[in-house]
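**Student:** Submitted below is the structure of interest, expressed as structure tokens.
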Amino acid sequence: MTDTEPPLLADVYPALVSFLRAALVSEGESAALAQSVVGLRFHGWCGCSPTCTYLRTAPADRGGDSTWIHLDDEAPRVWLQFDRDRTSFAGMEICEFDLGPAPALDLDQPSGMG
């Protein structure tokens, strides 16, 4: 086990973070909440099934609550799950979004896809 932090989501999926910041502002969310996506870490993909599209942005103990922000008026569609403090996000469901390449993702590390 390593003590290194997972990579920033912005380094792994920069297009996703850019989209989320703009979409949260356009949805009327606070600038602070929109800015919080820049500091999210990529904790990997949910492994419950091969087709699961839930991306984790916080450790399991930060667990999300049942409150979600749905950015799904049109494609792309992403649903953001608040963390338990409702100051950031614990994860997100990527329903329809082309993530593109993951430039900072090392698939050999535990936080990689899987």
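**Student:** With labels modelled as points extended 7 Å from the Cα through the Cβ direction, what inter-label distance (nm, one decimal) is found for Thr51 paired with Glu74?
**Tutor:** 2.8 nm
**Student:** Using unit Cβ charges (K, R positive; D, E negative) and no other charged atoms, how large, in debye to the nearest 20, is the dipole of the chain about its Cα centre? If you can, show how the numbers build up before the last one.
**Tutor:** Numbers: 7 positive and 17 negative charges, 31 e Å.
The calculated dipole for the chain is roughly 160 debye.
**Student:** Quick one: net charge around Asp65, please, counting Lys, Arg +1 and Asp, Glu -1 for every other residue with C-beta under 15 Å from its C-beta.
**Tutor:** Numbers: positive: Arg56, Arg62, Arg84, Arg86; negative: Asp61, Asp83, Asp85, Glu93.
Residues close to Asp65 contribute a combined charge of 0.
**Student:** Counting only protein chains, not ligands or nucleic acids, how are Asp72, Asp61, Asp98, Asp83 ordered by accessible area (probe 1.4 Å), most first?
**Tutor:** On the way: Asp72 55, Asp61 110, Asp98 130, Asp83 10 Å².
Heavy-atom accessible area, descending, gives Asp98, Asp61, Asp72, Asp83.
**Student:** Which net charge results for the neighbourhood of Ser18, defined as the other residues with beta-carbon distances under 13 angstrom from its beta-carbon, given Lys and Arg at +1 and Asp and Glu at -1? Numbers along the way, then the final one.
**Tutor:** Values: positive: Arg21; negative: Asp11, Asp98.
Local charge sum for Ser18: -1.
**Student:** Follow-up question, since we're still on this one. Dividing the Cα radius of gyration by the Kirkwood radius, what Rg/Rh value follows for the chain?
**Tutor:** On the way: Rg = 13.3 Å, Rh = 14.2 Å.
Value, to two decimals: 0.93.
**Student:** With all protein chains present and a 1.4 Å probe, how do Ser49, Ser18 order by accessible area, largest first? List each step's numbers first, then the result.
**Tutor:** On the way: Ser49 40, Ser18 75 Å².
My answer, sorted largest first, is Ser18, Ser49.
**Student:** Could you work out [θ]222 nm for the chain from helices alone, using -39500 (n - 2.57) per DSSP H run of at least four and dividing by all its residues? Round to the nearest 500 deg cm²/dmol. Walk me through the numbers before you get to the answer.
**Tutor:** Details: 3 runs with 23 residues, N = 114.
Value at 222 nm, helices only: -5500 deg cm²/dmol.
**Student:** Now a separate question. What is the helix-to-structure angle for 14-26, meaning the angle in degrees between its Cα long axis and the longest Cα principal axis of the chain, kept from 0 to 90 and rounded to the nearest 10?
**Tutor:** Helix 14-26 sits roughly 20 degrees off the main axis of the chain.
The values are calculated or read from the model by the stated rules, or taken from the named source; none is laboratory data. In this text the structure is predicted, and so the values were computed from the model without any measurement. FYI the Cβ positions are ideal-geometry reconstructions off the backbone, even for glycines, and counts take in every protein chain you see. Each accessible area value is taken on the protein alone, full model and side chains, heavy atoms only, with ligands, DNA and RNA left out. Shrake-Rupley method; radii C 1.70, N 1.55, O 1.52, S 1.80 Å.
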